[in-house]
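The values are calculated or read from the model by the stated rules, or taken from the named source; none is laboratory data. Computed from a predicted model, the values in this text were never measured in an experiment. Here the Cβ positions follow ideal geometry from the backbone for every residue, glycine too, while neighbour counts run over all protein chains shown. With ligands, DNA and RNA removed, areas are computed over all heavy atoms of the protein, side chains included. Shrake-Rupley method; radii C 1.70, N 1.55, O 1.52, S 1.80 Å.
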Amino acid sequence: MDDCLKLPQELVHRITEDRRWLHAHPELGFDLHHTAEYVGRRLEALGIRYEAGIAKTGIVAEIRGS
């Protein structure tokens with residue numbers, strides 16, 4: 001069962017890069033323009049549709065699957 005829960009190493013690497021980028025570019029409150037752009041680019045790269053501009057810089061994405 002533990003093997004099923006392990007993430008592929010490249011996914012772990014990508015998540016780590018995302019976390020480092022987000023922590024290196026802090027933004028406050030609803031003024032998250034760079035963060036929203038970054039998240040939008042990541043969602044596009046993954047082929048996930050999203051709606052931007054919710055409450056200024058929010059993003060809503062729906063991920064479907066079986």
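Results, tabulated for the structure shown:
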item	result
Fraction of accessible area attributable to carbon and sulfur, the chain (%, probe 1.4 Å)	57
0 to 90° range, to nearest 10: angle between helix 9-24 axis and the chain longest Cα axis	30
Per residue accessible area in Å² of the chain, where ligands, DNA and RNA are left out and the probe is 1.4 Å	89
Overall dimensions of the stretch 11-66 by Cα: Rg and Dmax, Å	12.0, 36
Within the chain: Cβ-based charge dipole about Cα centre, in debye rounded to nearest 20 (Lys, Arg +1; Asp, Glu -1)	60
